[in-house]
Amino acid sequence: MRKALRWLLALMVFIGTLSTAGAATAAQPEATDIKDRLLAIPGMSLIQEKPYTGYRYFVLNYTQPIDHRNPSKGTFQQRITVLHKDVSRPTVFYTSGYNVSTTPSRREPTQIVDGNQVSMEYRFFTPSRPDPADWSKLDIWQAASDQHRIFAALKSVYSNKWIATGGSKGGMTATYYERFYPRDMDGVVAYVAPNDVVNNEDSAYDRFFANVGTKECRDRLNAVQREALVRREPLEKKYAQYAADNGLTFTTVGSLDKAYEAVVLDYVWGFWQYSLLKDCDTIPAKAATATDDEIWNSVDTISGFSAYADQGLEQYTPYYYQAGTQLGAPTIHFPYIEKGLIRYGYQPPRNFVPRSIPMRFHPGVMRDVDTWIRHHATHMLFVYGQNDPWGSERFRPGKGARDAYVFTAPGLNHGANVAGLVPDEKALATARILQWAGVAPAAVRANPSAARPLARYDAKLDVRDVEREPALRP
């Protein structure tokens, strides 16, 4: 009997060994190449891999729900890019709030922490647009939920600290993401992010334009802007020829006249958004005696006469839709221009979105975000430019905030960054970013003034110029 039991036990062990060996043989080896690991994520597909020394760079599609509240309502493909350095490094999550660039680039926080970078195309910017497009699903919560799903999908690959960042509308996007998903990121660096809490109260912008730069520069700009309206008739004839030559139409805004005035009224704003005080030397010194071509060229260089044509507006329809439904849009006055010269004033976003797309403004959305930032902002850094009009209405963490900062780069415009801050603030901001990313050297932890970017500057990879867009688009 004992012999039979021993034989039966031995047989069971042998069978178990065979089963284990068979299971081991059947198991697939875990992917180790970063491309394989990324493509193993459900919903992720490869568009293209581009070489860049020291990195792997991927352009990808990720399947997203059209409506995160009702995932059964369909999906769309959202473009993202991954600048891969090493899974052991921290990751920066970047969005411009518009289209994603498919050229390898590294944002400032990525250089500071020497990390990976994931970049997201904002929903409804082509080609990341559902078809058919239900525009009611374009809001800041849905976009934040896009980011949340991408982060959740990639966290298993990039398991170390994450920092969210973006400039202008991208800075707004990073902020809204933090408001709705405050447990995702380990820090947020928001550059030149407007905060239009009360849409119909914009006096801060008027105060800005009354004092920015020098009186000489303001007078030059104001004079050229006014002169472009004084010479409306001859310059609109030039505009009509320009439109015909370039195939421009004006169905959305309503007329060439409306488009012309919109471009001219953007002129002063556009200068301060994209230029520096030293660039005042490029503005005609005496507008009244300047030629028509000099006035035209100055306005076209700064504002761009294609901006409010259908062809210029089309790419930015998602932005204008959001400005007219949630984000708000500034309105400023022109005390140096006679009322008779201005026919329309600053036009609302509704004028720049096709009438086939319904719009309704929701006034409480920005108030909610602002209140949350004032009371709950943690590990957040806001950077503004002294001479950037968009900084007139900004985020201001309040008493409830912790480890949160607002810095202003002297003399800088819409391209303000940490590198442009005064030395003490630059060192502190750099130290906090390193700390939030979990890569602060011991010397920096002991003395924040020792903080420096961990990666060397790369002239091709590290974009420092202002992202050029027509004025009045953050």
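For the reader, a short list of remarks on this structure follows.
- Residue list for the stretch 82-96, restricted to those being in contact (Cβ under 8 Å) with a residue 40 or more places away in the chain and not in a loop (DSSP other than H, G, I, E, B): 82, 84, 91, 92, 93, 94
- Any chance residue 223 is open to solvent by less than 50 Å² (accessible area, probe 1.4 Å), more than 24 Å from residue 416 (Cα to Cα) and more than 28 Å from the chain's Cα centre (by Cα): yes
- Checked against the criterion of being among the β-branched types (Val, Ile, Thr), open to solvent by 10 Å² or more (accessible area, probe 1.4 Å), part of a loop (DSSP other than H, G, I, E, B) and over 22 Å from residue 354 (Cβ atoms), the stretch 181-201 contains one or more residues that satisfy it.
- Condition met for residue 233 (open to solvent by 30 Å² or more (accessible area, probe 1.4 Å) and among the charged types (D, E, K, R)): yes
- Total residues in the stretch 240-255, condition open to solvent by 10 Å² or more (accessible area, probe 1.4 Å), of a type in the set (Gly, Ala, Ser) and either in contact with a Leu (Cβ under 6 Å, 6 or more places away or on another chain) or assigned to a helix (DSSP H, G or I) (or both): 2
- Odd one out for residue 294, checked against (1) of a type outside the set (Ser, Thr, Tyr); (2) free of Cβ contacts under 8 Å to residues at least 60 places away in the same chain; (3) closer than 30 Å to residue 179 by Cα; (4) in contact with a Pro (Cβ under 9 Å, 6 or more places away or on another chain): (3)
Residues checked against (1) out of contact with any Pro (no Cβ under 9 Å at 6 or more places or on another chain); (2) part of a loop (DSSP other than H, G, I, E, B); (3) in contact (Cβ under 8 Å) with a residue 12 or more places away in the chain:
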site: 111; (1), (2), (3): no, no, yes
site: 118; (1), (2), (3): yes, no, yes
site: 125; (1), (2), (3): no, yes, yes
site: 131; (1), (2), (3): yes, yes, yes
site: 143; (1), (2), (3): yes, no, yes
site: 151; (1), (2), (3): yes, no, yes
site: 173; (1), (2), (3): yes, no, yes
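- All of 26, 31, 21 fail the test of being modelled with pLDDT under 95, surrounded by 11 or more Cβ atoms within 10 Å (Cβ to Cβ) and of a type outside the set (D, E, K, R), apart from 31.
- Hits in the stretch 391-406 - residues which are in contact with a helix residue (DSSP H, G or I) (Cβ under 7 Å, 6 or more places away or on another chain) and in a helix (DSSP H, G or I): 392
- Look at the stretch 452-468: where a residue is closer than 19 Å to residue 429 by Cβ and among the acidic types (Asp, Glu) and a partner is at pLDDT 95 or above and not in a loop (DSSP other than H, G, I, E, B), sitting 6+ places away or on another chain with Cβ atoms under 6 Å, you get 462/106; 462/111.
- Take the conditions (1) part of a strand (DSSP E or B); (2) open to solvent by less than 40 Å² (accessible area, probe 1.4 Å); (3) touching a residue at least 60 places away in the same chain (Cβ under 8 Å); residue 379 misses just one of them, which is (2).
- The set of residues in the stretch 202-213 being surrounded by fewer than 18 Cβ atoms within 10 Å (Cβ to Cβ) and either touching a residue at least 12 places away in the same chain (Cβ under 8 Å) or assigned to a loop (DSSP other than H, G, I, E, B) (or both) consists of 204, 206, 207.
- Answer from 406, 463 - the residue that is at pLDDT below 95 and open to solvent by 30 Å² or more (accessible area, probe 1.4 Å): 463
- Restricting attention to the stretch 153-171, the residues that are hydrophobic (A, V, I, L, M, F, W, C) and in a helix (DSSP H, G or I) total 2.
- Which listed residue is under 25 Å from residue 268 (Cβ atoms), out of contact with any Gly (no Cβ under 9 Å at 6 or more places or on another chain) and at pLDDT 95 or above, from 392, 356: 392
- The stretch 256-287, subset polar (S, T, N, Q) and part of a helix (DSSP H, G or I), residue nearest to residue 212 (Cα to Cα): 273
One line per residue, one yes/no per condition, for (1) in a loop (DSSP other than H, G, I, E, B); (2) surrounded by 14 or more Cβ atoms within 10 Å (Cβ to Cβ); (3) in contact (Cβ under 8 Å) with a residue 12 or more places away in the chain:
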{"position": "343", "(1), (2), (3)": "yes, no, yes"}
{"position": "346", "(1), (2), (3)": "yes, yes, yes"}
{"position": "356", "(1), (2), (3)": "yes, no, no"}
{"position": "373", "(1), (2), (3)": "no, yes, yes"}
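The values are calculated or read from the model by the stated rules, or taken from the named source; none is laboratory data. As the structure is a prediction and not an experimental result, all values here were calculated from the model. Cβ sites come from the backbone with ideal geometry, for glycine too, and all protein chains shown count toward neighbours. The protein model used for the area step is the full one, side chains on, heavy atoms only, and it has no ligands, DNA or RNA in it. Shrake-Rupley method; radii C 1.70, N 1.55, O 1.52, S 1.80 Å.
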